[in-house]
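Written below as structure tokens is the structure these notes are about.
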Amino acid sequence: MKIRLVDIAHARSGDKGDTANVGLIALRPEWYPVLERYVTQEAVSRHFDGMIHGPVTRYELPNLNALNFLLHGALDGGGTLSLKTDAQGKVFSTALLRMWIEVPQSEAIASNLPSGD
Amino acid sequence: MKELVRVASGQGFWGDSLEAPRQQVEGGEVDYLMLDYLAEVTMSILQKQKERDPSLGYARDFVGAIESVMPALIERGVKVIANAGGVNPPACAIAIRDLRGSSNLRIAVVTGDDLLHRLDQLIDQGHALANMETGDPLSSIRDRVLAANAYIGSVPIVEGLRLGANIVITGRSTDTALTMAPLRYEFGWSETDWDKLAAGIIAGHIIECGAQCSGGNCLYDWKSIPDLANVGYPIAEAKPDGSFVITKHAQTGGRINVPSVTEQLVYEMGDPREYITPDVVADFTTIHLEQDGPDRVRVSGIKGRPATDKLKVSIAYRAGFKAVGTLVYTWPEAVEKARAADRILRERLDRLGLRFDQVLTELVGVSATHGPLALSEIDTLKVPEAQLRVGVRGENRRDVERFTREIAPLVLNGPPTVTGFAGGRPKVEEIVAYWPALIDKNVVTTRVEIV
């Protein structure tokens, strides 16, 4: 079953130089394992293909039901050098929430995920 | 020893609400008012102001803030901790001294973070001050440096409070130390109480961005967050064991719950196990949050580890010029018109022989922030309007200046149905860029003075 992250998570992002961070937080604690299993470093790297110029690093914070992603080379130089509208990476959070993940039907039901499209 | 200490956040950056400091001290009981004025780029703006006038170089909003809270400081003993000193803490203290009523107050000034006058000596002594992102040595941009400040920790602030200060003014203190220091002072935490120091740092991280943890910029259930017009700024109610509650005054808007606090915790986060500060390394994977009544979140379980032997240094340097121009194109075929205009503009810039390090084109309303992720989901023929936004960046001011003259002509000599040029020619801006570096802790000596 296809699930969109916006339906199971919320997020906030910020910057550190040319790196944007996105903290992805499960809307319910029981959905965190789904994020941890399917929103992998590789999947996020593919999602942002063409938008960032460096690697993606993932950190887990199960205590907060959250994952933290560092998107390197995301801000066109970052800070005051960047010409981007989102020079400080404030809304990369919502760009990540556009991502779709594929969850087996049985697991989606067991985790009580909202029905996808 | 007090059993409970309340630190109220009244400013998340220089430019935040002018009303918040007064609302924080008048809305209920607080012990400390914490005001964070410094972002990475702020130091260079302040340095430029100081060059023009040696009595400036600090966050001038702070003077109005202190004026607005003066009765609470004098009558109720509320203390203020602020990094409003910028690149000139002594001048900031003098401006506060000039306020009516301030003769009743002791003001502590923390200095020693400013390394600008020592840079050549430090480089000569072998401190490369290499850029933490690129590895380049500072010598490669030495002649363009405007400001250089070490991020300093809680120690000098605690010292100021010990000396009986009502107001502690620092320069480039870390944002989090402004909250942790008064807790360390009140509860007598030692320099090796790693868990407690880390807890104080995390309390600071949660409240340092003002209302961003109490309902502001909160995505979770955002439409139901009440009365943001009267949003309450956060307060950390801390106990000696290092646990604390994040709350806000009654009768204020906004919301404090586990999701709102979690969003702020992950803001600007790097490796969550390694939140490095001058005082302690805090581990965000140990934080436990629980709702503790309406608009109250209890935070506990925090672990910390010994600090490193380095301090981070914030260096600002001149890095060329930039300008951004915009035009709005409308349906039908708004996106195609904007793209055509961009092609024409770029061809003209080429023909003029202008040289830029970068030319960036975005379509605001279409793909400026979500890029290809957005484009793949919309029918561009249906877009009602698109803002063409072209930015250039380069070393040569004249070329950037010339670019700003090439936007307006497109209104009459480019693709059709274009508007939105009422603002006039784009402004050329000098870029002051940020150079993060590390330095050995033992070369930075802070001083505290009562004035």
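The values are calculated or read from the model by the stated rules, or taken from the named source; none is laboratory data. All figures in this text were calculated on a predicted structure; none of them were measured in a lab. Neighbour counts are summed over all protein chains in view; Cβ atoms, including those assigned to glycine, are modelled from backbone coordinates with ideal geometry.
Quick one: which of B:His127, B:His117 is assigned to a helix (DSSP H, G or I) and closer than 23 Å to B:Lys441 by Cβ? Please lay out each step first, then the result.
Numbers: B:His127 fails: assigned to a helix (DSSP H, G or I).
Going through B:His127, B:His117 in turn, just one is assigned to a helix (DSSP H, G or I) and closer than 23 Å to B:Lys441 by Cβ: B:His117.
Among residues belonging to the range A:15-66 that are part of a loop (DSSP other than H, G, I, E, B), facing chain B (nearest Cβ under 8 Å) and in contact with a Gly (Cβ under 8 Å, 6 or more places away or on another chain), point out the one that is surrounded by the fewest Cβ atoms within 10 Å (Cβ to Cβ). Among residues in the range A:15-66 that are part of a loop (DSSP other than H, G, I, E, B), facing chain B (nearest Cβ under 8 Å) and in contact with a Gly (Cβ under 8 Å, 6 or more places away or on another chain), the one surrounded by the fewest Cβ atoms within 10 Å (Cβ to Cβ) is A:Gly50.
Can you pull out the residues in the range B:8-19 that are crowded, with 24+ Cβ neighbours inside 10 Å and either in a loop (DSSP other than H, G, I, E, B) or in contact with a Gly (Cβ under 8 Å, 6 or more places away or on another chain) (or both)?
First, the residues of the range B:8-19 that are crowded, with 24+ Cβ neighbours inside 10 Å: B:8-12.
Within the range B:8-19, B:Ser9, B:Gly10, B:Gln11, B:Gly12 qualify.
Residues in the range A:71-86 that are within 25 Å of A:Thr40 (Cα to Cα) and touching a residue at least 60 places away in the same chain (Cβ under 8 Å): A:Leu75, A:Gly78.
Residue by residue, here is whether (1) of a type in the set (D, E, K, R); (2) over 13 Å from the mean Cα position of the chain (by Cα) holds:
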{"position": "A:Glu60", "(1), (2)": "yes, no"}
{"position": "A:Leu64", "(1), (2)": "no, yes"}
{"position": "A:Gly79", "(1), (2)": "no, yes"}
{"position": "A:Gln88", "(1), (2)": "no, yes"}
{"position": "A:Ile101", "(1), (2)": "no, no"}
{"position": "A:Pro114", "(1), (2)": "no, yes"}
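B:Gly371 meets all of the listed conditions (1) of a type in the set (Gly, Ala, Ser); (2) under 19 Å from B:Arg405 (Cβ atoms); (3) surrounded by 16 or more Cβ atoms within 10 Å (Cβ to Cβ) but one, namely (2).
Can you confirm whether the range B:30-39 contains a residue that is under 25 Å from B:Met1 (Cα atoms), free of Cβ contacts under 8 Å to residues at least 60 places away in the same chain and either small (Gly, Ala, Ser) or assigned by TED's automatic domain parsing to the domain that holds B:Asp175 (or both)?
As a first pass, look at the range B:30-39 and keep what is under 25 Å from B:Met1 (Cα atoms): B:30-35.
From what's left, free of Cβ contacts under 8 Å to residues at least 60 places away in the same chain: B:33.
Keeping just the survivors that are either small (Gly, Ala, Ser) or assigned by TED's automatic domain parsing to the domain that holds B:Asp175 (or both) gives B:33.
Yes: one or more hits.
Considering the range B:63-103 alone, what residues qualify as being in a helix (DSSP H, G or I), free of Cβ contacts under 8 Å to residues at least 40 places away in the same chain and not aliphatic (A, V, I, L, M)? Once the filter is applied, which keeps residues that are in a helix (DSSP H, G or I), free of Cβ contacts under 8 Å to residues at least 40 places away in the same chain and not aliphatic (A, V, I, L, M), the range B:63-103 yields B:Glu67, B:Pro71, B:Glu75, B:Ser102, B:Ser103.
Where residues in the range B:273-297 are in contact (Cβ under 8 Å) with a residue 12 or more places away in the chain and away from chain A (no Cβ under 14 Å), which of them is farthest from the chain's Cα centre (by Cα)? Ranking the qualifying residues of the range B:273-297, first place goes to B:Asp292.
So, B:Thr262, is that one buried (at least 18 other Cβ atoms within 10 Å of the Cβ) and either at the interface with another protein chain (Cβ under 10 Å from one of its Cβ atoms) or at pLDDT below 95 (or both) or not?
Values: buried (at least 18 other Cβ atoms within 10 Å of the Cβ): yes; either at the interface with another protein chain (Cβ under 10 Å from one of its Cβ atoms) or at pLDDT below 95 (or both): yes.
For B:Thr262, the condition - buried (at least 18 other Cβ atoms within 10 Å of the Cβ) and either at the interface with another protein chain (Cβ under 10 Å from one of its Cβ atoms) or at pLDDT below 95 (or both) - is met.
Scanning the range B:409-441 for residues that are hydrophobic (A, V, I, L, M, F, W, C), at pLDDT below 95 and assigned to a loop (DSSP other than H, G, I, E, B) yields B:Phe421, B:Ala422.
Kindly indicate which of B:Gly254, B:Gly270, B:Gly200 is more than 20 Å from the chain's Cα centre (by Cα) and free of Cβ contacts under 8 Å to residues at least 60 places away in the same chain.
Details: B:Gly270 fails: more than 20 Å from the chain's Cα centre (by Cα); B:Gly200 fails: more than 20 Å from the chain's Cα centre (by Cα).
One residue alone meets the criteria, B:Gly254.
Can you confirm whether B:Gly254 is buried (at least 24 other Cβ atoms within 10 Å of the Cβ), at pLDDT 95 or above and more than 20 Å from A:Asn21 (Cβ to Cβ)? Taking the combined requirement at face value, the residue does not satisfy it.
Check B:Glu385, B:Glu401, B:Glu406 and return the single one that is more than 25 Å from B:Ala319 (Cβ to Cβ) and away from every other protein chain (no Cβ under 14 Å). Full working, then the answer.
On the way: B:Glu401 fails: more than 25 Å from B:Ala319 (Cβ to Cβ); B:Glu406 fails: more than 25 Å from B:Ala319 (Cβ to Cβ).
Only one candidate qualifies: B:Glu385.
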